Amino acid sequence: MAILAVLAFHAGWTAFSGGFIGVDVFFVISGFVIALSMFRDLEADKFSLTGFYARRARRILPALTVVLLGTLFVSLLTVPPVYFQSFAQSVIAAALFYSNLHFWQESSYFNTDSPFRPLLHTWSLGVEEQFYLIAPVFLMVTARWLGARWRLVVTVCLLGSFGLNLLEVHRGHVEAAFYLPFTRAWEFLLGVLVALLPRQALPKLVREAVALSGFALILLPVGIYTPMTVFPGMAALWPCLGTALVIWAGAPAKTDTPTLVSRFLALPPVVWTGRLSYSLYLVHWPVLVLAPYFLMRKLDLAETLIAIAACFVLSWLLYRIVETPARRVRWRTPAVLSLAAVCAAGTATAGWLGQHSNTRYFSHKPAYDRAPDLNRAEQIWHAGTCLLINGESVSDWSPEACRIGSGSKPGILLFGDSFAAHYTPGLEAASATADTSVYVYAMQGCPPTLAPDSLGTPSCHAFREQAGPLARRLGVYRIVIAASWLEYGAGAAREVESTLTTLKAMGFEVTLIGQLPNYHVPPYLIVARTAPEGVRDAALPLSADTRAMNQQLAAIAEREGVAFIDPTAYTCEGKRCLVRLDDQDLVLDYGHLSPAGSVRAVAAFFPFKAE
């Protein structure tokens, strides 16, 4: 069930917007299964540290190596260096089990800035193997010096890790809490603790209630959570606790009968999917990333179903041809560990060599040399001062640094995320003639909505709460709201309505800027693959998602009596949108405007004048 939740989430099905909690379910189950085996061996005085690592290597490495090398091979001559270099580094990181640290430094798990991260899902393997590198040694020491007090030791470590997770989230270090093993260890330890709990016969109704409650705690977050949910934090507790309850109620004393949940999980299709779960987890994300990348657009429903079917076929082949035979091989421990080291080092070397081969291949394709410099773009947007990022505090925002223009009339507050900040070059170009100054107040990945129950990190909540009071202190007469609305889903769009109501009640004029054209792959890559070399002007189709979002926002603005600007009315003609003009790219990545695109957009529709 956990793998199906992850698969549905990665397929982009909104009904499963919290399917990412499937990984947390995996962690608890993993801790339980490994602990049962370890404690049996420790109590029988048969536990071997090298034997444990050899069993992990047989379980994990063969299928992982095939998937890493297969993805590397498919991508080598099809993905340009701007994405392949980072991908190759992720191959090395995954092969050496530190991909969680690699992706922590690179970007958010829920970030859509990069269209090509086919190994993002391997972060969980990094966390798992780092935990199991330390846990056996720790448990051996515990068994030697503390005897039977395992439960107490595990409970103390669990609470410490969970507390660290909450602390990091509270401090705004959500990415660290998500990726680091110290803030995830409590999930494995919860499974370990369940393995240590005594098995006692309980009334059937009690066990049924416990199992059904646990199952509900797993299923509800799958439908309720979204990528905007602050996670892990407290939100991770409920699916993990639910998993622990299902395991505990489903592992009864000898006299008990299986619960309804246990019988459901024992159905042949569920068991079959469970057997494939590791191979399916490895295969699904590369397929769901590569397919739209090769098509240069988001998959439709039929294509998504075909891709998912392909995931099942490939995972079955991987399970039968690689995973199962590798488990059955009865090599001596030194041989297994030696071969594991060769596999890991060989795969990492292949990733390193791939970087150089890919660069040489694309050096003869100048159309791919137009990769935008996103770091430079963030500098132009005054990231860290006017565009707050990485959990930065509202106190880092500076009204002097973020004021554009010196007009004598009362100013405008531009309130939003990075899709507000990207208007900065255009506003600076227009400042010489504009008689109104503009303050840019933006936070990356933070929806500009004021609803009390809006999702977001603690720093995002603080940022939003200050928008109205800040506008009053600055003496602005209008607030312009802009964001990448599609990233936040229909829920955030609905919260816009209460935001408009609140700001109007505070006495401000309000203008809502809608969704800019959104692309699954950066337009310059689409043009490089589909248009003749040297083309100076190019346009791409406007997505149905963008049109639908702007219709929804326009209806909300009309109900609230505020001005609405549909940017596609100015950047598109009909159903095609200009992405290159006079050999200048107008879009940086999946939707952010380039400096040239920003200048053009501000000149076309930014609301400087009073209504």
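One line per residue, one yes/no per condition, for (1) β-branched (Val, Ile, Thr); (2) at positive phi; (3) touching a residue at least 60 places away in the same chain (Cβ under 8 Å):
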{"residue": "TRP485", "(1), (2), (3)": "no, no, yes"}
{"residue": "GLY489", "(1), (2), (3)": "no, yes, yes"}
{"residue": "SER498", "(1), (2), (3)": "no, no, no"}
{"residue": "THR501", "(1), (2), (3)": "yes, no, no"}
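Among the residues of the stretch 502-522, is there at least one that is closer than 30 Å to LYS365 by Cβ, surrounded by 20 or more Cβ atoms within 10 Å (Cβ to Cβ) and of a type in the set (Ser, Thr, Tyr)? So far as the stretch 502-522 goes, yes, one or more of its residues are closer than 30 Å to LYS365 by Cβ, surrounded by 20 or more Cβ atoms within 10 Å (Cβ to Cβ) and of a type in the set (Ser, Thr, Tyr). Keeping to the stretch 2-35, report how many residues are surrounded by fewer than 18 Cβ atoms within 10 Å (Cβ to Cβ), at negative phi and part of a loop (DSSP other than H, G, I, E, B). Looking only at that region, the number is 1.
When restricted to residues that are part of a loop (DSSP other than H, G, I, E, B) and either within 22 Å of SER398 (Cβ to Cβ) or among the hydrophobic types (A, V, I, L, M, F, W, C) (or both), the stretch 434-452 contains 7.
Taking the stretch 156-192 as the range and being touching a Pro at 6+ places or on another chain (Cβ under 6 Å) and free of Cβ contacts under 8 Å to residues at least 24 places away in the same chain as the test, no residue passes.
The residue pairs whose first member lies in the stretch 559-575 and is basic (Lys, Arg), whose second member is not in a loop (DSSP other than H, G, I, E, B), and whose beta carbons are closer than 9 Å, counting only pairs six or more residues apart or on different chains, are ARG559/GLU497; ARG559/LEU500; LYS575/PRO541; LYS575/ARG547. Of all the listed residues (ARG576, ARG580), the sole one being surrounded by 15 or more Cβ atoms within 10 Å (Cβ to Cβ) and farther than 28 Å from PRO469 by Cβ is ARG580. Within the stretch 487-512, being among the aliphatic types (A, V, I, L, M) and out of contact with any helix residue (DSSP H, G or I) (no Cβ under 8 Å at 6 or more places or on another chain) holds for one residue alone: ALA505. Of the helices (runs of 4 or more DSSP H) lying entirely inside the stretch 261-368, the ones with 3 or more residues being outside the structural domain of LEU540 (by TED's automatic domain parsing) and at pLDDT below 90 are found at 268-295, 324-328, 333-362.
Listed here are the residues, each with its yes/no results for (1) buried (at least 22 other Cβ atoms within 10 Å of the Cβ); (2) among the charged types (D, E, K, R); (3) under 20 Å from VAL174 (Cα atoms).
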| position | (1), (2), (3) |
| --- | --- |
| ASP396 | no, yes, yes |
| ARG403 | no, yes, no |
| ASP417 | yes, yes, yes |
| SER431 | no, no, no |
| CYS446 | yes, no, yes |
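Yes or no: the stretch 397-408 includes at least one residue that is in a helix (DSSP H, G or I), touching a helix residue (DSSP H, G or I) at 6+ places or on another chain (Cβ under 9 Å) and in contact (Cβ under 8 Å) with a residue 12 or more places away in the chain. For the stretch 397-408, residues in a helix (DSSP H, G or I), touching a helix residue (DSSP H, G or I) at 6+ places or on another chain (Cβ under 9 Å) and in contact (Cβ under 8 Å) with a residue 12 or more places away in the chain: absent. Look at ARG376 and say whether it is modelled with pLDDT under 95, exposed (fewer than 14 other Cβ atoms within 10 Å of the Cβ) and closer than 30 Å to LEU61 by Cβ. No. ALA492 meets the stated requirement of being farther than 30 Å from ARG580 by Cβ and touching a Pro at 6+ places or on another chain (Cβ under 6 Å).
Of note, GLY534 satisfies the criterion of being at pLDDT below 90 and loosely packed, with under 13 Cβ neighbours inside 10 Å. Suppose we keep only residues that are farther than 26 Å from ILE247 by Cα and among the β-branched types (Val, Ile, Thr) within the stretch 36-78. Which one would you say is surrounded by the fewest Cβ atoms within 10 Å (Cβ to Cβ)? In this case the residue turns out to be THR50. With the structure loaded, tell me whether VAL579 is within 28 Å of ARG370 (Cα to Cα), part of a helix (DSSP H, G or I) and among the β-branched types (Val, Ile, Thr) or whether it fails that test. So VAL579 fails the test.
With the requirement that a residue be of a type in the set (Ser, Thr, Tyr) and in contact with a Gly (Cβ under 7 Å, 6 or more places away or on another chain), what does the stretch 420-473 give you? Scanning the stretch 420-473 gives SER431, THR436, SER437, TYR439, THR457, SER459. Restricted to the stretch 80-95, and to residues there that are modelled with pLDDT of 90 or more and touching a Pro at 6+ places or on another chain (Cβ under 9 Å), the residue that is farthest from SER357 (Cα to Cα) is SER90.
Could you say whether any residue in the stretch 524-537 is of a type in the set (Lys, Arg) and under 17 Å from VAL562 (Cα atoms)? No, there is no match, as no residue in the stretch 524-537 is of a type in the set (Lys, Arg) and under 17 Å from VAL562 (Cα atoms). Taking the conditions (1) within 30 Å of ALA429 (Cβ to Cβ); (2) touching a residue at least 40 places away in the same chain (Cβ under 8 Å) in turn, ASN375 satisfies each one other than (2).
Helices (runs of 4 or more DSSP H) wholly in the stretch 453-562 with at least 3 residues that are more than 25 Å from the chain's Cα centre (by Cα) - which ones? Output list reads 467-474, 485-505, 523-530, 544-560.
The values are calculated or read from the model by the stated rules, or taken from the named source; none is laboratory data. Quantities reported herein were computed from a predicted structural model and do not represent experimental measurements. Please note: Cβ atoms are built from the backbone with ideal geometry, for glycine as well, and neighbour counts cover all protein chains shown.
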